[in-house]
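Notes follow the structure.
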Amino acid sequence: KAGVTQTPRYLIKTRGQQVTLSCSPISGHRSVSWYQQTPGQGLQFLFEYFSETQRNKGNFPGRFSGRQFSNSRSEMNVSTLELGDSALYLCASSPGGANTEAFFGQGTRLTVV
Amino acid sequence: QQPVQSPQAVILREGEDAVINCSSSKALYSVHWYRQKHGEAPVFLMILLKGGEQKGHEKISASFNEKKQQSSLYLTASQLSYSGTYFCDPLGSSGGGADGLTFGKGTHLIIQP
């Protein structure tokens, strides 16, 4: 069974640009959540999508957005990149029930210069 | 709201026991625990459910305190492979995937030979 796949693994962008990250969940999983991980703040929740609908959202500015497609694949977009957006972006997939295990991808390391 | 984990870091000898705490400002519905090794994605350890039932790792256990506003993770006879950063994700009374996953900042555990 294939795991969660995130692409690209590494990305370098310039301040002001925008970026799109992709996450392919485990087959059959309908929930995809996105997280930002930095040394200072730990794992911070961005948003969760379930069956193409955003089900929950963290406290991030509107520059961070996402979507989910009918095949459950999800994309995350960050517009007008800032230096502080440099982080490891992780996505996690799960079947979507209340107490189900989440499986994480290896993440996309974004560096903004 | 981000839960508070304690201690922030702990160093133990192989074979010693460890306790990691996760506190919330409200009563907990359930708690998910994850471990992340350096350079890797977080990996599911266990779920502690409202009634005290547990699903997950056979050598790791967890409990709620009396008011269910804190959960503790118990690592018995720790092994070198237990080293990593432990994250808790407490779900509030609304439970369910709608809360998303909101992790604490993590507890760094180092097991030495």
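What to note about this one:
- Volume in Å³ per residue [convex hull over Cα atoms, computed for chain A]: 95 Å³
- Considering only A:S94, B:L45, A:S51, the residue lying farthest towards the positive end of the dipole of the protein assembly as shown is A:S51, judged by Cα position with unit charges set on Cβ.
- Residue list for the range A:31-69, given a label point 7 angstrom along the Cα-to-Cβ vector of A:T80 and an amide N cut-off under 11 Å: A:62-64
- Residue-wise HN-Hα couplings along the range A:15-21, as the Karplus relation 6.51 cos²θ - 1.76 cosθ + 1.60 with θ = phi - 60° gives them from phi, are 3, x, 6, 10, 9, 10, 10 Hz; Gly and Pro carry x.
- Förster-model FRET efficiency, 22 Å R0, B:H57 and B:R13, C-beta, rounded to 0.05: 0.60
- Descending principal axes extents, the range A:1-54, alpha-carbon based, whole Å: 36, 22, 21
- The protein assembly as shown: mean projected area of Cα convex hull, nm²: 12.2 nm²
- Relative contact order, percent, chain B [alpha-carbon distance under 8 Å, six or more residues apart]: 39 percent
- Backbone N within the range A:39-77 under 14 Å of label point (7 Å from A:K13 Cα along the Cβ vector): A:61-67, A:75-77
- Dipole check for chain A: with +1 at the C-beta of Lys and Arg, -1 at the C-beta of Asp and Glu, and the Cα centre as origin, the magnitude is about 140 Debye.
- Using a simple spin-label model with pseudo-atoms 7 Å out from Cα toward Cβ, B:N65 and A:N71 lie 4.8 nm apart.
- Chain B: equivalent-ellipsoid semi-axes (sqrt of 5 x gyration tensor eigenvalues, Cα, Å): 23, 14, 12
Every number in this text was worked out from the coordinates using simple rules, so none of it is lab data. These figures come from a predicted structure and were not determined experimentally. Don't worry about glycine lacking a Cβ; one is built from the backbone with ideal geometry, like all the others, and counts go over all protein chains shown.
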